[in-house]
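So the structure is just underneath, and the comments pick up after that.
The values are calculated or read from the model by the stated rules, or taken from the named source; none is laboratory data. Computed from a prediction, not measured in an experiment: that's the story for all the values here. Please note: Cβ atoms are built from the backbone with ideal geometry, for glycine as well, and neighbour counts cover all protein chains shown. Side chains are part of the model used for accessible areas, which takes the heavy atoms of the whole protein and leaves out ligands, DNA and RNA. Shrake-Rupley method; radii C 1.70, N 1.55, O 1.52, S 1.80 Å.
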Amino acid sequence: MSPVTSLTALPFVERDPWELLGLDPGRREPDHDHDAAGYTRLPELTLEDAAGHREVLHDVLVLGLHSRDDAEPLADDIELEFVLRDDGEIYSAITRLSEFLRTRLAGLVGDAGVVVLALCNPQAAAVARPPGLGERPLYRADGDVTAWMQRRPGAPGWTPGEVEIILAADRWHRC
């Protein structure tokens with residue numbers, strides 16, 4: 001891989017939802033070292049807040065992103081970290097969410113009805129509505145975002161068609 005020198009060159013690819021969100025039916029606890037970034041499209045996704053309120057969304061574009069652990073708190077933006085691997089070397093690319101969305105979102109939206117940021121937001125930073133969304137709602141979280149799944153009623157197994165994918169956070173905001 002050649003060095004990443006711009007946001008347009010940053011690898012941000014479509015991934016299987018289980019890979020992107022770190023879901024594994026054989027694991028009972030979240031994988032706190034999970035660092036995959038990318039996007040996925042889901043016909044249905046459930047958002048759950050700390051009070052147990054659930055909202056089911058349809059035709060969803062999920063952007064799997066990671067906030068930088070040691071970033072300075074920002075009131076109106078989030079510093080992102082992309083972990084990149086090249087021939088055994090690991091390095092990071094850093095940018096702000098607002099710049100990433102301004103540069104990359106319009107090319108990803110397609111025919112999605114809703115965009116969800118699967119992104120931890122420990123400082124509960126407000127996020128401005130980015131260009132390129134049209135009338136689509138954008139959902140962002142306060143606090144950590146944890147992905148989990150449960151079998152649909154009557155489903156015998158753990159295949160993608162047999163599970164409900166849930167993103168849980170302290171609070172969800174619709175922008």
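Between a first residue in region 134-152 that is without any contact (Cβ under 8 Å) to a residue 24 or more places away in the chain and a second residue that is part of a loop (DSSP other than H, G, I, E, B) and among the small types (G, A, S), which pairs have beta carbons less than 8 Å apart while being 6 or more apart in sequence or on different chains?
R151/G157
Exactly one of these conditions fails for R171: (1) basic (K, R); (2) surrounded by 13 or more Cβ atoms within 10 Å (Cβ to Cβ); (3) under 20 Å from G22 (Cβ atoms). Give me its number.
Against the list (1) basic (K, R); (2) surrounded by 13 or more Cβ atoms within 10 Å (Cβ to Cβ); (3) under 20 Å from G22 (Cβ atoms), R171 comes up short only on (3).
Just to verify a result, which residue in region 32-44, among those that are in a strand (DSSP E or B) and in contact with a helix residue (DSSP H, G or I) (Cβ under 9 Å, 6 or more places away or on another chain), is nearest to A106 (Cα to Cα)?
Checked region 32-44; the qualifying residue nearest to A106 (Cα to Cα) is Y39.
Return the residues of region 147-165 that are open to solvent by 50 Å² or more (accessible area, probe 1.4 Å) and at pLDDT 90 or above; say none if nothing qualifies.
W148, Q150, R151, R152, P153, G154, P156
Would it be correct to say that D33 is under 21 Å from V114 (Cα atoms) and of a type outside the set (S, T, Y)?
Here the answer is no, as D33 does not meet what is asked.
Residues to consider are R140, R102, R152, R136; find the one that is basic (K, R) and more than 21 Å from E14 (Cβ to Cβ).
Only one candidate qualifies: R152.
Mind listing just one residue for me: the one in region 120-143 that is open to solvent by less than 30 Å² (accessible area, probe 1.4 Å) and hydrophobic (A, V, I, L, M, F, W, C) and, of those, farthest from D70 (Cα to Cα)?
L133
Could you list, in sequence order, all residues of region 50-69 that are buried (at least 18 other Cβ atoms within 10 Å of the Cβ) and in a loop (DSSP other than H, G, I, E, B)?
Correct list: L65, H66.
When you go through E89, E29, E72, E14 one by one, which is the residue that is free of Cβ contacts under 8 Å to residues at least 40 places away in the same chain, within 22 Å of R104 (Cα to Cα) and surrounded by fewer than 18 Cβ atoms within 10 Å (Cβ to Cβ)?
Going through E89, E29, E72, E14 in turn, the sole match is E14.
If only one of L84, L74, L101 is assigned to a strand (DSSP E or B) and not basic (K, R), which one is it?
L84
Taking the condition open to solvent by 40 Å² or more (accessible area, probe 1.4 Å) and modelled with pLDDT of 95 or more, does R41 pass?
In short, yes.
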